[in-house]
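Visitor: My questions all concern the structure below.
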């Protein structure tokens, strides 16, 4: 694996394949999460577009010694680029959403890097249809794009003792998740519903500004920031929540949405492609236009006003997670894809030797 070792998603991915009996090593430029064993790559004090290519010589030496059966690189413009420059196959590149949906289309340099990587990957993993389409638009051969959501663990994310009026956000405090719109939209609801409260989990570069906005716009004592939560604590909050809120302006398949669906928290989320692959207005969720605070208010009031609809939505969402949103099932699909890539590469190498091709 080539990935950011400081991110929980990388840790989950690594530990899953190790638990399945595979020998997996991760190379990373970032400081790892506590308890995560990784191979450190040299990190030059330079901007990201230079730091990653400069790590290629050290990575190639390490991979030549390790001789992996497969490389899985996470996030296209940085670790995907490292994998492509290393030149070892089979190479699977896993897109995470913003690398292709936001950064690639808006930045010519990133777009060129994405094209370079996607055309050299033996497989491109996308967790949603809109992310898969973005990969193909940026140059990935269609036959190599595999749309497989990661999914959630329903033994961890499951309904608990519901608290009426508990509104929960679990998105990171970064501009793409647009928490200011969420706070502005929740304010009238808290003013009209004295039992309701807002809990904001997560962290990020915008946290201080968001706390100031909440203090200015929300009733005192009715909101709190609880910071970045460990998985079990996050699951406990979601199991209690009446509603899960997300005002994201861009997403592929949002794990926070799937976690809410599995936990029985009603999604009140922005009306964007990634969300509509899982829910729609009246069909498991209430939606609002991205950036529309008044729309947040209306959607939230609709969700809270109809308990019978909410219970039907919870049952519907649980069925959807069971059918196509379970972590173990979907990661099994990815594991089989990896095994097929390795088998195909071995067959190709054997045929090349027997025919003299490449000798």
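So that you can scan it fast, the table gives a plain yes or no per residue for (1) out of contact with any strand residue (DSSP E or B) (no Cβ under 7 Å at 6 or more places or on another chain); (2) in the same structural domain as residue 271 (by TED's automatic domain parsing); (3) surrounded by 20 or more Cβ atoms within 10 Å (Cβ to Cβ):
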position: 195; (1), (2), (3): yes, yes, no
position: 201; (1), (2), (3): no, yes, yes
position: 208; (1), (2), (3): yes, yes, no
position: 214; (1), (2), (3): no, yes, yes
position: 224; (1), (2), (3): no, yes, no
position: 231; (1), (2), (3): yes, yes, no
position: 245; (1), (2), (3): no, yes, yes
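Visitor: So, one more: Only one residue in 136, 111 is more than 20 Å from residue 86 (Cβ to Cβ) and at pLDDT below 95. Which one?
Guide: On inspection, the qualifying residue turns out to be 111.
Visitor: If residue 251 meets every condition in (1) touching a strand residue (DSSP E or B) at 6+ places or on another chain (Cβ under 9 Å); (2) surrounded by 20 or more Cβ atoms within 10 Å (Cβ to Cβ); (3) at pLDDT 95 or above apart from one, which number is that one?
Guide: Of the numbered conditions (1) touching a strand residue (DSSP E or B) at 6+ places or on another chain (Cβ under 9 Å); (2) surrounded by 20 or more Cβ atoms within 10 Å (Cβ to Cβ); (3) at pLDDT 95 or above, the odd one out for residue 251 is (3).
Visitor: Which strands (runs of 3 or more DSSP E) sit wholly inside the stretch 132-215 and have at least 2 residues that are without any contact (Cβ under 8 Å) to a residue 24 or more places away in the chain and in contact with a helix residue (DSSP H, G or I) (Cβ under 9 Å, 6 or more places away or on another chain)?
Guide: So the answer is 145-147.
Visitor: When you go through (1) touching a residue at least 60 places away in the same chain (Cβ under 8 Å); (2) touching a strand residue (DSSP E or B) at 6+ places or on another chain (Cβ under 6 Å); (3) assigned to a helix (DSSP H, G or I) one by one for residue 275, which number turns out not to apply?
Guide: (1)
Here's the yes/no breakdown for (1) assigned to a helix (DSSP H, G or I); (2) modelled with pLDDT of 95 or more; (3) not assigned by TED's automatic domain parsing to the domain that holds residue 13:
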{"position": "319", "(1), (2), (3)": "yes, yes, yes"}
{"position": "332", "(1), (2), (3)": "yes, yes, no"}
{"position": "335", "(1), (2), (3)": "yes, yes, no"}
{"position": "346", "(1), (2), (3)": "yes, no, no"}
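Visitor: Out of the residues in the stretch 1-28 that are closer than 17 Å to residue 93 by Cβ and assigned to a loop (DSSP other than H, G, I, E, B), which is modelled with the lowest pLDDT?
Guide: Kept after step one, since they are closer than 17 Å to residue 93 by Cβ, are these residues of the stretch 1-28: 1-4, 7, 9-10, 13-14, 17, 24, 26-28.
With the extra rule that they be assigned to a loop (DSSP other than H, G, I, E, B), the set shrinks to 1, 3-4, 7, 24, 26.
Numbers: 1: 97, 3: 97, 4: 95, 7: 91, 24: 96, 26: 97.
For the stretch 1-28, the residue satisfying everything is 7.
The values are calculated or read from the model by the stated rules, or taken from the named source; none is laboratory data. The structure displayed is predicted, hence computed values, not measured ones. Methodologically, a virtual Cβ is constructed for each residue, glycine included, from the backbone with ideal geometry; neighbour enumeration extends over all protein chains shown.
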